[in-house]
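The values are calculated or read from the model by the stated rules, or taken from the named source; none is laboratory data. These numbers were taken from a predicted model, which means no experiment stands behind them. Glycine also receives a Cβ, built like all others from the backbone with ideal geometry; neighbour counts cover every protein chain displayed.
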Amino acid sequence: MSERPSGAPRDEGLAPRASARGPLKRYARSRAGVVLGALALAALTRVAQPPAFDERSVERQLAEAVGGEVGPHEVVWEPSRGALTDLYPGRRAVFLARPAPGAPRDVYRAQVSVTPAGRPLSVRGVEALTRTPLGDEDELAVHAGRAVFVTRFAGKVESVTVLSLEGGAAATVGVARPAATVAHQLEGDELVLWLDGERGSVIDLDAGAAIAGEWLPVRRGALARRADDAIVAALRDREPSAEGPLPLAGFSPAVTLVPGGEPTLSVRSIGGATALVADGRQLSFEIVLGSSSPASGTGYVPVAEARAADARPAVLMFELVSGAEGVAAGAFDSMGWLGPMVLDRPTIATQGGRLLLGPWRGGPWERASMVAAAQWSGDPNRGGRSALCVTRAGHLAIAWSREGADLEAVLPSTCARAVEGAGALELIEYGASIDVPSAPARTIVVARATELPPRAPPPRGSTWSASPVGQPTPTFLSALHTTSASALGETVEVTNIDAARYDWAIVAGEGERAPRKGSTLATALPAQDTTRARLAVGLGVGMRRGPRGLRVDGSTGHPFARKEGLLVVDGGLRVGWARDDDPDGVPGDAAELPMTLADGQVTAAGRKRGPRQRRMDLCVLDGEVVLAASEFDSHEANATVLGQLGCQLALGFDRGSDRPAWAKLDDTSSGPFPETFLVALDRPRNGAAGSTDFQAATNDP
């Protein structure tokens, strides 16, 4: 409840209390000259007959002063500084106001001249403490010289702010998962929050961090003042020249992450202009929204917690510049919005590690599948010009120049689309490994290395080694690694394959029985794919009677019993139970195989004894294909090692006739072969930078 000013009655009557009148009269007599002068000044600045005090009269005067609306019980009085000061310049009040009916509220502060009798005379010194045109401030309280309030967007609380009324310093606590209700209590320098009645958190305002309960992001510093900057960047398409190997003509290597490989970053300078080209094949990109620039229009505080777990080295970092007072453009990440997207505005977005550049063609609150996006602004006060461009091969170039330098001359001729303008970006740092701030104040783009060892840890006591053959393009970025392990007294060869770096297919063996229904099974790769084959592994041959199910290129050759395991190729590679799938509905290829590992345990089929010969098993683990091969009389040794690596399901390469397993690499892998085989085809790696006209489709808020 709002605190009434000094001298105001507790009830709805207009007469001041007698107990307060005596001291005020004695104080007024001692300062009679000053009081009379102040009264005369107040009368000249406002009205000769001030209205009798009540809450609504104060709310009406404040609403008139801001040119908007002030609702009931949305004025909070700061402590009195004495009767004379309350009279002039006035007692301070913090309040919520709407600039127009139905608009979100902002927090304001003003001085209200109040007579010793408790009558408001005038309002002066109105100041907007927040400017969040999309965020609705609510639940305002004042405690020990600080204002506390929540900011709502789309009906949910996005943040809670504690603002010093004297120094302007603020701490804004982001609600990582927007809540319907947030209760808050300020105890010294600790802010206690209770979200949706069940999620508690204690924030140390001095340290700027959560010290108990749920982790929440904290932004400290003066509140950002959002304004509408002029957009100083323009997007244009170019006619790119032919793409060659890196470094491009005229560029020199600056950072090379893979020994013997092409440079990850290369650079050139002409006059006062410099350009840096990043190999999009070796990098993935993310947008990290700044906590204060661009300023939030919704109250959202970007959450940076997940990035701490990313162990990949960062090699490039640059800022998307916003003007000093905010940005007239949209921005969002996976957790929230800073502002609505503006139609046709130059936009940079990230999606699955890719960086996309183009005009925004969707609605203001649409995100489609973008993880994060920020619309291009800039600050002409910084001087110089800068540009960002993407090449046809998926590489990224950033360029900057001093005033008067020729920016066009330094941009790569291979650029297909570019956006450039005054002070539009700023290079922060680049190198083999750079530190990324956990919560940057400014919105930045970070490029991280994609070249990593397999995600699956190697067997105990071993390490992964890149295979010298079987690698996809570019071969210096290894996607196929090998090692060995020991199980049941046998040596097991383990191969790890980044499945996304290859296209996959199942090809019928020439020894497979012809289908009964007159359909045919392809026993060879199409001619255009024979040179793409990098790895082939034999799946065996079906028995003459009741062969295990097989489907090739959308055609079912042998029916599925749906009792065993299933290897499916339908854009990717997956392993499952045939009973849980519809093998006949698979648009690509499928083969029925024995399940040798289920729920991480070796199955009866995995232990089934047979001739001692080469055997091979496969599992799919976190998007990687893991193969295990050994000379043994069952699949038990292979399945044991795959289980130790974390696999839950594994298939044995045996279509029923129990033939020896085999693997072919590079020139020997295209077939045809007597046995049905799984083949990995070269998929040249494209760069992660590209261009698009963003066509979003769904409303988010």
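Annotations
- Boolean, Leu223 is in a loop (DSSP other than H, G, I, E, B) and either crowded, with 20+ Cβ neighbours inside 10 Å or at pLDDT 90 or above (or both): yes
- Gly461 vs. criteria out of contact with any His (no Cβ under 9 Å at 6 or more places or on another chain), part of a loop (DSSP other than H, G, I, E, B) and more than 17 Å from Val625 (Cβ to Cβ): yes
- Ser634 being over 36 Å from the mean Cα position of the chain (by Cα), modelled with pLDDT of 95 or more, in a loop (DSSP other than H, G, I, E, B) and among the polar types (S, T, N, Q): yes
- Inter-residue pairs, beta-carbon under 6 Å, first farther than 17 Å from Ala629 by Cα and not assigned by TED's automatic domain parsing to the domain that holds Val620 and in segment 648-676, second in a loop (DSSP other than H, G, I, E, B) and at pLDDT 95 or above, 6+ apart: none
- Restricting Leu535, Leu550 to those that are touching a His at 6+ places or on another chain (Cβ under 6 Å), of a type outside the set (Asp, Glu), touching a residue at least 40 places away in the same chain (Cβ under 8 Å) and within 18 Å of Phe673 (Cα to Cα) reduces the list to Leu550.
- Just one of the numbered conditions (1) modelled with pLDDT of 95 or more; (2) not assigned by TED's automatic domain parsing to the domain that holds Gly68; (3) not basic (Lys, Arg) is not true of Leu96: (2).
- Among the candidates Ser296, Ser284, residue that is of a type in the set (S, T, N, Q), touching a residue at least 24 places away in the same chain (Cβ under 8 Å) and farther than 25 Å from Ser691 by Cα: Ser296
- The residue that is farthest from the chain's Cα centre (by Cα), among those in segment 494-524 that are hydrophobic (A, V, I, L, M, F, W, C) and not in a loop (DSSP other than H, G, I, E, B), is Val507.
- Picking from residues in segment 608-623 that are modelled with pLDDT of 95 or more, over 27 Å from Pro559 (Cβ atoms) and not in a loop (DSSP other than H, G, I, E, B), the one that is nearest to the chain's Cα centre (by Cα) is Arg614.
- Considering residues of segment 66-83 that are farther than 17 Å from Asp136 by Cβ and surrounded by fewer than 19 Cβ atoms within 10 Å (Cβ to Cβ) only, the residue farthest from the chain's Cα centre (by Cα): Gly82
- Residue check, Ser159 of a type in the set (Ser, Thr, Tyr) and either farther than 18 Å from Leu96 by Cα or over 25 Å from the mean Cα position of the chain (by Cα) (or both): no
- Residue in segment 84-106 that is surrounded by the fewest Cβ atoms within 10 Å (Cβ to Cβ), counting only those that are in contact with a helix residue (DSSP H, G or I) (Cβ under 8 Å, 6 or more places away or on another chain) and over 19 Å from His143 (Cα atoms): Pro99
- Meets criteria (at pLDDT 90 or above, outside any loop (DSSP other than H, G, I, E, B), among the aromatic types (Phe, Trp, Tyr) and buried (at least 23 other Cβ atoms within 10 Å of the Cβ)) for Phe285: yes
- Among the residues of segment 435-485, those that are among the polar types (S, T, N, Q), buried (at least 16 other Cβ atoms within 10 Å of the Cβ) and free of Cβ contacts under 8 Å to residues at least 24 places away in the same chain comprise Thr475, Thr482.
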